[in-house]
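The values are calculated or read from the model by the stated rules, or taken from the named source; none is laboratory data. Predicted model, so just to flag it, every value in this text is computed and none were measured. Neighbour counts run over all protein chains shown; Cβ positions are idealised from the backbone, glycine included. Heads up: the accessible areas ignore ligands, DNA and RNA and are worked out on the full protein's heavy atoms, side chains in. Shrake-Rupley method; radii C 1.70, N 1.55, O 1.52, S 1.80 Å.
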Amino acid sequence: MHTQSLTGAWQFRQAGTSEWLPATVPGGAHTDLLALGRIPDPFVGDNERRVAWVAEADWEYRRAFAVTPELLAQPHIWLVCDGLDTLATVSLNGRELGRAANMFRQYRWDVKPLLQAKGNELQIEFASVVRHAAEKQAARPLPGVSQAIAGGPHVRKAPCHFGWDWGPQLPPVGIWRDIRLEAFSAARLADVHVRQRHDGGKVEVEVKAEVEVEVKAEVARLAMVVSIVAPDGGVVTAEAPVADGRARLTIPIANPQLWWPNGYGAQPLYEVKVEVKAKDEDRASASTLASTLASASYRIGLRTVELRQAPDAWGRSFEFVVNGVRIFAKGADWIPADSFPTRLTEAALEGLIRAAAETHQNMLRVWGGGFYEDERFYDLCDRYGILIWQDFIFSCSIYPLDEPDFVENVRVEVAENIRRLRHRACLALWCGNNEMEQGWAEWGWKGPELQDLKAAYDRFFHRTLPAWCAAEDPDHAYWPSSPSSDAPFDNPNGQIQGDAHYWDVWHGRKPFTAYRGQYPRFMSEFGFQALPPLETIRTYAAEPDWNMTSYIMEQHQKNASGNALMVAQMLETFRLPKDFESLVYLSLVLQAEGIRYGVEHWRRHTDRVAGTLYWQLNDCWPVASWSSLDYFGRWKALHYAARRFYAPVLLSIEDAPPCQSISVSSDLREAWQGVVRWTLTTLDGGVLAAGEKAVAVPPQGVAAVEALDFARYLDDDSRRELVFVAELWQGERRLAVQTAFFAPTKHLRLADPQIEADVTLADGRLVIELAARSLARLVEVSLAGADGVFSDNYFDLPAGRPATLSCPLPAGWDLAAAQAALKVRSVYNTY
């Protein structure tokens, strides 16, 4: 196989204009215009609407290139486009090659007859998806997302590009993935399927290949050679003949090292190299084969994964089982990490995945309103042990699944992406769509004009798509929709079987305690919004706009009532903040407290609930949203809380004043033992009652430690002055501290905690010791002028119970600079 990259420097222009401008590929019209200063930053102020014309226009891209003599000499040469976004007409040297209409597909055209050694010109014309969608929508209206540009379901493009309740209406246009020439002389690997067989601790790797050959008579001379490199560097090689364009072999793995999700074990990875070689007619072994004609490489982890659904006392379970071990899924929902995906750097992407792993997450759901991520994403998830629930790209809308051309377009998309991802260690599940079954059941999609589309939905997601998945990837489970009960249109968001989305706390304005009335088999969406950190708000709003109801702040709030919902819930818990900075802080800790309520409750019931994925991990632009990591990767209070509520051994309190109940939940595969110590104290540390109890938690189990009734200590005044504190100890090590109260935080008689901070330096890290004279509620620690991730943050600091945390020393700083920059605040400072 010979390749020649066509990425890099291109030219582009708006259709109908004469000036060609410099462009970068992969890229798009928005990013190219922004690099030239031709448009303002779409993420600042209200510039989103000022650059709307970009997606409404047509664009042309071109590149002149020469072809290397070696490549030009090959009998077969293709132009290969891994990602054209979206409606594209491709021409080479004045001849149209073909058209593209799906950003998720690879397009290939034979260009051998058109190529010349020098002076080639490749031109790609992109038609406006906004205009196309509007025309399709006018001809056939399809229900979609209210925050989006209408007509998106007609186009195979990331749904959120048209807008969502956290994302802008900025549909990118351009060449968004690799583009190259590919050539071969004798053979090409058309498809490779790497599978595993596990039996009693023994593992075999099976490789099947489809080989496209130039001369049929040469097939008998070809062999497939497979080399597998173990994590320790050991290599095993085997070969099999290519017959009728196919080859297949099985290789036993000596001393197999199993891949585990984060928190359950290590993530050893094996490299599988597949080559097609021509046999030397005088010799027969693999080591004497001639030069390689085609090759492909794959990285795999040895593991089994299944979605186990078995009858139980509550209905039917919904649990992921890896290597025979039931996994409690701890994670979040993933959205595209940038509205303009070509500018997402490897460092930024790894920062997001690493941050998930650092908070004990073991699963991300790649949500169906985005796109199938690139190889970098799945590489990172393989490395960090993050299981992937992979939605197909359909979300919250009705699609024209009764149109044969549309379905055929999707068929190719599905096959290509399954083949690309099915070998991945991280892959756990294929899911048909996001919230569309729920839409048919609960959202009023009832009109007679929609019934043919409902039948088409039923046919596609319950028969056609699962059949495609089974044919291409029989090793991973298929799930029709999220949420779903796996009984078409019957109670799709129920708690008897299947997965659930629970939005009554956010959209329904219920209190956080409402989470405790929910017992889903698997909670795959729930969430609460917060503003991003103030340093992020600075990037899009000037100080005169720092008001929750200002025009700019509402431009960066895509949920129509989002800011009002945040403030309403905030005032149920906290006092009215004294300034905007305090409001931002309170929104952050409010979100963290809300999601904590839910996760702790469900982890107290892991016999019934098999996983929690909060909405959402990340952002695609600077915005008020449900994320725990903002657009720049800054940790919000929720992400710090996730590190605590997703800890392998969790201490939690179920507060139901005057009662406080203590539980310890464990994900560990071995039994755990420790001690819980509790006290009932005044806010300034005076002890009214105390106790201690040894705790034994069974493997992957829950222990109910204490149920305490403090009614005799409470009256209308004292309930505002008391705090219940529980600590989890193992030996001399304190693992966790939890607090609970008998009145809302806004009613507590908080005094100035007079927090003292001692900052030292050890091994390149700042060590910060904090102590308070009175309860400091939800302490925030920061360094002015630097972004840092602390070992803990946004935690309660009871009187007389010092806490120690740390963070890396910012580059170029010394201890004195860090001491001067340290800022500490708590709820007391917000009013």
Screening 353, 388, 393 for residues that are in a loop (DSSP other than H, G, I, E, B) and open to solvent by less than 10 Å² (accessible area, probe 1.4 Å) leaves only 393
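Residue by residue, here is whether (1) touching a residue at least 24 places away in the same chain (Cβ under 8 Å); (2) touching a Gly at 6+ places or on another chain (Cβ under 9 Å); (3) more than 18 Å from residue 85 (Cβ to Cβ); (4) in a loop (DSSP other than H, G, I, E, B) holds:
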| position | (1), (2), (3), (4) |
| --- | --- |
| 379 | yes, no, yes, no |
| 400 | yes, no, yes, yes |
| 409 | yes, no, no, no |
| 417 | yes, no, no, no |
Residue by residue through segment 764-778, note down the ones that are assigned to a loop (DSSP other than H, G, I, E, B) and either modelled with pLDDT under 95 or open to solvent by less than 20 Å² (accessible area, probe 1.4 Å) (or both).
-> 764, 772, 774, 775
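For (1) over 26 Å from the mean Cα position of the chain (by Cα); (2) open to solvent by 10 Å² or more (accessible area, probe 1.4 Å); (3) farther than 24 Å from residue 21 by Cα, each residue gets a yes or a no:
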site: 108; (1), (2), (3): yes, yes, yes
site: 112; (1), (2), (3): yes, yes, yes
site: 116; (1), (2), (3): yes, yes, yes
site: 121; (1), (2), (3): yes, yes, no
site: 132; (1), (2), (3): yes, yes, yes
site: 139; (1), (2), (3): yes, yes, yes
site: 149; (1), (2), (3): no, yes, yes
site: 162; (1), (2), (3): no, no, yes
site: 172; (1), (2), (3): no, yes, no
Filter segment 274-322 down to residues that are touching a helix residue (DSSP H, G or I) at 6+ places or on another chain (Cβ under 7 Å) and in a strand (DSSP E or B) and give me whichever is modelled with the highest pLDDT.
-> 299
Within segment 32-44, work out how many residues are part of a loop (DSSP other than H, G, I, E, B) and surrounded by fewer than 19 Cβ atoms within 10 Å (Cβ to Cβ).
-> 7
Qualifying residue in segment 95-102 (condition: more than 30 Å from residue 625 (Cα to Cα) and touching a residue at least 24 places away in the same chain (Cβ under 8 Å)) | yes
Pairs with Cβ under 8 Å, 6+ apart, first in segment 171-189 and under 19 Å from residue 9 (Cα atoms) and assigned to a loop (DSSP other than H, G, I, E, B), second modelled with pLDDT of 95 or more and of a type in the set (D, E, K, R) = 172/85; 173/85; 176/85; 177/82; 177/374; 178/82
Looking at segment 462-472, is at least one residue under 17 Å from the mean Cα position of the chain (by Cα) and open to solvent by 20 Å² or more (accessible area, probe 1.4 Å)?
-> no
Considering residues that are in a strand (DSSP E or B) and open to solvent by 50 Å² or more (accessible area, probe 1.4 Å), the number found within segment 77-103 is 3
Complete set of residues in segment 73-83 that are at pLDDT below 95 and not small (Gly, Ala, Ser) | 74, 75, 76
Out of the residues in segment 358-377 that are open to solvent by 10 Å² or more (accessible area, probe 1.4 Å) and assigned to a helix (DSSP H, G or I), state the one that is nearest to residue 264 (Cα to Cα).
-> 358
Can you find a residue in segment 686-709 that is outside any strand (DSSP E or B) and either under 24 Å from residue 800 (Cα atoms) or hydroxyl-bearing (Ser, Thr, Tyr) (or both)?
-> yes
Report whether or not residue 745 is of a type in the set (S, T, N, Q), over 32 Å from the mean Cα position of the chain (by Cα) and at pLDDT 95 or above.
-> yes
Being among the aliphatic types (A, V, I, L, M), at pLDDT 95 or above and in a strand (DSSP E or B) narrows 441, 428 down to just 428
Give the residue, chosen from 52, 29, 64, 15, that is surrounded by 19 or more Cβ atoms within 10 Å (Cβ to Cβ) and at pLDDT 95 or above.
-> 29
In segment 554-611, residue nearest to residue 698 (Cα to Cα) [restricted to those that are basic (Lys, Arg) and open to solvent by 40 Å² or more (accessible area, probe 1.4 Å)] | 608
Segment 686-709 residues that are free of Cβ contacts under 8 Å to residues at least 12 places away in the same chain, paired with ones that are outside any loop (DSSP other than H, G, I, E, B) (beta carbon under 7 Å, 6 or more apart) = 687/679; 687/681
Pairs where the first residue, in segment 331-346, is under 15 Å from residue 616 (Cβ atoms) and assigned to a strand (DSSP E or B) and the second is of a type in the set (Phe, Trp, Tyr) and open to solvent by 10 Å² or more (accessible area, probe 1.4 Å), C-beta under 9 Å, 6+ apart | 332/615; 333/615
